[in-house]
Amino acid sequence: MIYSVTLNPAIDYVIGLPHLELGAVNRLASAVKLPGGKGINVSRILQALDIPTTAWGFNGGATGEYLTNSLHQLGLHTDFAPAAGDTRINVKLKAESETELNAAGPTITDDNVAAFKAKFDALQPGDVVVMAGSIPQAWVTRSTAT
């Protein structure tokens, strides 16, 4: 089994419009919500290649439920550890040029970390873990403060 780890997954809200006018009301030409995160992308590619995979990481709140449900609708297996806050939403604006607004991500508590680390106890010989993407900012801040 290949496990992909996305510590800071997201819902990518991709919006398109022909022209962005700052300080005005803009009407979208398109909008789509996609499960995001580099590790999740690894699992999506592995699945397309018919290679067994499970997505790991942290996930929380209503946005986390939406993310998990979206991945299950795509046929992906998940085993996320809980996060103390909501999974982040990133906005990808496609107009004359592309602009990204990426959120920091949820707070990760010591209990959340313990639940995540426990997953490694079940690994079997031959299993592979791929870690990809960013670390939630609240976790980085907390770990550098101690």
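Checking the structure you have, find out if any residue of region 22-41 is surrounded by 19 or more Cβ atoms within 10 Å (Cβ to Cβ), in a helix (DSSP H, G or I) and of a type outside the set (Lys, Arg). If you could, list the steps in order and put the result at the bottom.
Step one: of region 22-41, the residues surrounded by 19 or more Cβ atoms within 10 Å (Cβ to Cβ) are 35-37, 39-40.
From the residues that got through so far, the ones that are in a helix (DSSP H, G or I) too are 39-40.
If we keep only those that are of a type outside the set (Lys, Arg) as well, we get 39-40.
Yes: one or more hits.
Applying a threshold of 8 Å to beta carbon distances and a minimum spacing of six or more residues, or different chains, the list of pairs starting in region 20-41 at a residue that is within 13 Å of Val91 (Cβ to Cβ) and touching a residue at least 24 places away in the same chain (Cβ under 8 Å) and ending at one that is among the aromatic types (Phe, Trp, Tyr) and not in a strand (DSSP E or B) reads Lys33/Tyr66.
Among the candidates Thr54, Thr107, the residue that is part of a strand (DSSP E or B) and not acidic (Asp, Glu) is uniquely Thr54.
Return yes or no: is Asn8 buried (at least 19 other Cβ atoms within 10 Å of the Cβ) and part of a loop (DSSP other than H, G, I, E, B)?
Details: buried (at least 19 other Cβ atoms within 10 Å of the Cβ): yes; part of a loop (DSSP other than H, G, I, E, B): yes.
In short, yes.
Residue-by-condition table, conditions (1) out of contact with any Phe, Trp or Tyr (no Cβ under 7 Å at 6 or more places or on another chain); (2) over 16 Å from Pro9 (Cβ atoms):
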{"position": "Leu49", "(1), (2)": "yes, yes"}
{"position": "Phe58", "(1), (2)": "no, no"}
{"position": "Leu71", "(1), (2)": "yes, no"}
{"position": "Leu74", "(1), (2)": "yes, no"}
{"position": "Ala81", "(1), (2)": "no, no"}
{"position": "Glu98", "(1), (2)": "yes, yes"}
{"position": "Ala104", "(1), (2)": "yes, no"}
{"position": "Lys119", "(1), (2)": "no, no"}
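Out of everything in region 62-87 that is part of a helix (DSSP H, G or I) and more than 13 Å from the chain's Cα centre (by Cα), what residue ends up being farthest from Thr107 (Cα to Cα)?
The initial filter retains those residues of region 62-87 that are part of a helix (DSSP H, G or I), namely 62-73.
Filter again for more than 13 Å from the chain's Cα centre (by Cα), leaving 62, 72-73.
Values: Ala62: 15, His72: 24, Gln73: 27 Å.
So the residue we want is Gln73.
Among the residues in region 114-125, are any free of Cβ contacts under 8 Å to residues at least 60 places away in the same chain and crowded, with 17+ Cβ neighbours inside 10 Å? No, that holds for no residue. Would you confirm whether or not region 90-98 contains a residue that is assigned to a helix (DSSP H, G or I) and modelled with pLDDT of 95 or more? Checked against the condition, which is being assigned to a helix (DSSP H, G or I) and modelled with pLDDT of 95 or more, region 90-98 yields no hits at all.
The values are calculated or read from the model by the stated rules, or taken from the named source; none is laboratory data. Keep in mind the model is a prediction, meaning the values are calculated, not measured. Glycine gets a Cβ as well: all are built from the backbone with ideal geometry, and neighbour counts include every protein chain shown.
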